[in-house]
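Right, one structure below, let's go through it.
Read-outs throughout are calculated quantities, based only on the coordinates presented, and are distinct from any laboratory measurement. Predicted model, so just to flag it, every value in this text is computed and none were measured. As a convention, Cβ positions derive from the backbone with ideal geometry for all residues, glycine included, and neighbour counts pool all protein chains shown.
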Amino acid sequence: MISGAFAMGAYFVVFVMVHSLLADPGFKSLARSALGKTFDRWQRLAYNLLALLMILPFFFIMIFLPDRTLYVIPAPWSWLMAGGQLLAALALLQTTRQTGVSYFLGLSQLRKESVAARGKLASGEGRLVKDGFYCHIRNPLFFFATVFIWLFPFMTENLLAFNILTTIYFYIGARHEERSLREEFGEEYEEYKKRVPMFLPRLRCQGKCARENMKISK
């Protein structure tokens, strides 16, 4: 019988090809030319629903295909890892709140017809979000999601394959997202990109990001 890790790798190629195409600015431009405002209103929601459906086979593979346990972390270390996962989950929730949960899911775009409602991950309501977690790292969603999946207190071959492939996908997705943000915000995003790291968060905000955080706190 085919191994779970091999099946996951094969399916991952299909998954990345589909999502890379849908996230590509060139493809979005063609679709927008063909569909007009309808594309801007439905693109984000449709993308999220498709992603949810295409993730399901990964869980099927992990559960039903052959697997082998690699390690199990005992208590109390497993409790610390679970606590880290909880913190990562809370950080993910806060990050989506920064950009707007409804906007992130693609629901608010259905009620809007403006160009600002194109559904970019870190653009918020037509602006480039640079405060909060975005002051420390350009891709906090991908960062905290990566922390969460690697803090499971157990590891199997299938889960290891899933974590590795997911981490690769987060990197690819971040690259596509940054191309879209550069296209939308131009010089503003290039300036932000020079100050804030992509994946390894800095501890302190500097320059304009720090001033924007101070305004938010007030």
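Data table
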{"read-out": "Pairwise FRET efficiency - LEU45 versus ALA82, Cβ, R0 = 35 Å, nearest 0.05", "value": "0.60"}
{"read-out": "Three-way shape call for segment 1-95 based on the alpha-carbon gyration tensor, with the a/c threshold at 1.5", "value": "oblate"}
{"read-out": "Cα long-axis angle, helix 37-64 against the chain (0 to 90 degrees, to the nearest 10)", "value": "10 degrees"}
{"read-out": "Proximal aspartates and glutamates relative to LYS130, as straight alpha-carbon distance under 19 Å, when same-chain residues fewer than 8 apart are discounted", "value": "GLU177, GLU178, GLU183, GLU184, GLU187, GLU188, GLU190, GLU191, GLU212"}
{"read-out": "Length added when fully stretched, LEU105-PHE64, from 0.36 nm per residue minus Cα-Cα", "value": "11.8 nm"}
{"read-out": "Ellipticity estimate at 222 nm from DSSP helix runs (n ≥ 4, -39,500 (n - 2.57)) divided over the chain, nearest 500", "value": "-22500 deg cm²/dmol"}
{"read-out": "Correct choice for Cα Rg over 2.2 N^0.38 Å that was computed from the model, options (1) 1.19; (2) 1.11; (3) 1.24", "value": "(2)"}
{"read-out": "Ranked by how many other beta carbons lie within 10 Å on average, peptides 131-143, 81-93, 170-182 from highest", "value": "131-143, 170-182, 81-93"}
{"read-out": "Helix 25-35 vs. the chain, principal-axis angle (Cα, 0 to 90°, nearest 10)", "value": "60 degrees"}
{"read-out": "Paramagnetic reach from SER20 in segment 135-175 [backbone N under 18 Å; point 7 Å along Cα→Cβ]", "value": "164-175"}
{"read-out": "Extension gain from GLU191 to LEU30, taking 0.36 nm per residue of separation minus the Cα-Cα distance", "value": "55.2 nm"}
{"read-out": "Model label zone, TYR71; criterion: amide N under 17 Å from point 7 Å along Cα-to-beta-carbon; scope segment 164-201", "value": "164"}
